Each structure stands twice: as C-alpha cells, then as structure tokens.
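Take a look at the structure set out below.
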C-alpha cells in the first residue's frame, strides 16, 4: 500500500492478509481549499416488544416544555435532540374479520411496513417492503453493505410463533419485498466478520480455533497502518487511532463472550456461540457494531430488535426473574413496576448507543449529528394489546434537519406510516405513499 501526501479517496481501505478494513472520514479525504462534503445521512431503528407502561412513558405536557417521565429519564442528556411522539396508530396491526389473535406477530410485521400481514404459518408469507429497506436501496448505493439487521434473541423465520402466524412476522422488522423477510443476526462474531472478516466458516470449531489463536483482524494490518499514519496530520492520526481502538475493543469483547460461552455450555447441549452472559453486555456489543459500521461508512442503515415479540426473557441483572411477556399481562402493581423497570432498562441501553455516537467524530461533527434514530414498539398497552397511541421516539441529528426537544401529540387516526414517509423524506428519499400512509407529518417535516 503506497501512501503519499495527496488527498485520500473516501473509499480508502487498509489491506492485510485476507482482510480489508474501510476507514472513517478523515480530513485528508476532503480536497484542499474546498468546502467539506455534505454530511452523510444515516438511519437506525430500534424496536422493543410487549408494550410499554404508557403512564410512565408519556410526558404530561406537549411542546418544548415537557418533563421527561420515568422511563425516558436515561435520555435526559439528549433531550434537545429528542422527539417524543404520541397518538400515532397502526391500523394494519388490528385483526381482520375471522383472524382472531396474533397481535404480537402483526405488531412486528407492520411496524416498518404499514401493511397487514397474511395470516399463515407456511411459506406463503406476505407483508410489505419496510421503510428501512427503502432507505437501504438508496443509501446503500454508496456503501459496502446496504443494511444491518440485528437482534438479541434467536431469530428463526420458519415455524409458527403466534396464534397461526409465521415466525417470519414476529422475528424481524426488515422486509426487502412483500414475501422476503430479512433474517436478523444475534451473534456478535458473525456480525463482526460480516463487517471486517474474510471467513465463510462460522462453525463452533472455527470460532474456538480463533479463540486459541487469539489473533486480531488488525494484526495483519499493522504495516498498512504505519504507512498510512506517516502521511496523515495529527488530527487524522487521532481519528484513525480511535477508530482502530474501537475495532480492537470489539474483538476483545467478542472473544471474551466466546470464551465464557465455551466454558459455560453443558457438553451435551447444542452450542449457542458467543452470546455474552448478560442482556446489557450483549446489547452494548451490538450497538458498538452498529456505531463502528456507521463510522467506517460500511452501511448507513441498521435495524435492531432489542427483544422480540412474546419474549419470555427474564432480567435477573435488575432483579427480575419473571418472563417479560407474562408480566405485561398482569395488572398487579408489583408486575407493573417490574415492566417499568424493564422498559427503563431498555432505554438505558439506547442512551449508551447515543453517547457512543456523540463521542465518535464524523465530518464536521459527531455520528450523533448525522444519525436519525427511530425507537418504539408496535404495541402500546401490553395488557390489552392496543395498537393506538404507540410509544415512539425520534432522535434526529443535524443532517436530517429535525427540531428536537419536543413532545408532539397527533390526531387519533394518524398512521405511523406517515412518520416513516417523513423520515424517508428527511433522509433525501421522498415517497408519495408507504403502507397505509396518508401524507407526511408537517410538525416534523416542516411543511
């Protein structure tokens, strides 16, 4: 690899033996005596299941003077970037005549599509293209990967998961077409290798061999890194060092998770791979992977199921041994209090991600300045399986021109698909319609 004092191309790679690592945006990639390129626009979606305790989520007042309720308190450092949205509904999530139950599967399937899913457990599934994949088709023209689809639970797309509905509806948010759900990945090692590795073998034997070798992806890039650094200014060297440190930290965390997994698995059970031992550790690694993929401009779209619908996950690390889904069907005060703790715990993981984005330089600002994040659920009241007044947040960076620091309440019949239309337009992807949409939201769009 030959490095000169000339301007670096935006798509410069560090190349080692079987490894090619994309670089973040450096000052050396901006032509001399010219204005900085326009900021890159990115979309991150995060989803939580089983509903929210809405009285602990919804601010008491509208507009800019609202106070953050209990569940949203972890987002206090980002209040000026935050839009709390209430009143939006998902009409396609409600059952059609004769369909009966299945609210959880429909909630996930319609969240980004706005299309009522066909009730089936067989291969004849049908929903609609999701807004993240519409964004990926356009934004992915400039990146190595069109999008990332991540989760923390297992994510099978076959079989039945909810009252006659295929697991494909419940276990993903991303649909590249009406009959094409995209699988979501919960293994940090697999995601890391998709971003940086060159191995097609993700077997347990191969993973354990990598642990024994304890070899970093970056080890094969040292000569290229040293050559590149000699041609960079101090600020670029600092950016490069931070980026490479982030890659190495991810590797260490993943290797640790694999070692723990290898120790703790009973010898006769099927191995589950390198899943970290706690929910928070797993969530943080997956958020770190999203952040570093954005930083290297490997992708500009990520979709993340923090947990799947009907999730039976307990949260012993915060003192809750009960299954999440079962708790949402209890009206007892102690059960409600536990669900509030779970909702808040999820929000703390999101705050970690936002802080990570804020601390990562990107162009003339930070990644937080250039990411629009949508967070929410397809169910509001988990006890009653309601799909009106959905719990939704948007954290918008400057590149999307979204005015934060507000609680906006919309008319009762306003589709959530209108929000998707609005966010796509902010990302530079205007559309006339999506699912059951009726137009953009003027309070966000600035129309």
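None of the figures in this text is laboratory data; all of them are computed from the coordinates on show. This is a predicted model, so every value here is computed, not measured. Here the Cβ positions follow ideal geometry from the backbone for every residue, glycine too, while neighbour counts run over all protein chains shown.
Tabulated data
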item	result
Most to least packed among 278-289, 297-308 [average Cβ atoms within 10 Å]	297-308, 278-289
Hypothetical label at residue 412: residues of region 87-113 whose amide nitrogen lies under 17 Å (7 Å Cα-Cβ projection)	87-92, 94
Within region 160-197, backbone nitrogen closer than 16 Å to the virtual label 7 Å beyond the Cα of residue 431 toward Cβ	173-182
Point-to-point label distance, residue 248-residue 190, nm (Cα→Cβ direction, 7 Å offset)	2.9 nm
Translational diffusion coefficient (Stokes-Einstein; Kirkwood radius from C-alpha pairs) of region 264-373 at 4 °C, 1.567 mPa s, in µm²/s	80 µm²/s
For peptides 101-114, 180-193, sequence by mean Cβ density within 10 Å, most packed first	101-114, 180-193
Label-to-label distance, nm, for residues given as residue 101 and residue 334 (7 Å Cα→Cβ offset)	2.5 nm
Estimated FRET transfer efficiency when R0 is 45 angstrom, pair residue 67-residue 179 (beta carbons, to 0.05)	0.50
Sequence ranges 225-235, 346-356, 41-51, ranked by mean other-Cβ count within 10 angstrom, highest first	41-51, 346-356, 225-235
Cα gyration tensor of region 306-445 - equivalent ellipsoid semi-axes, whole Å, descending	30, 22, 11
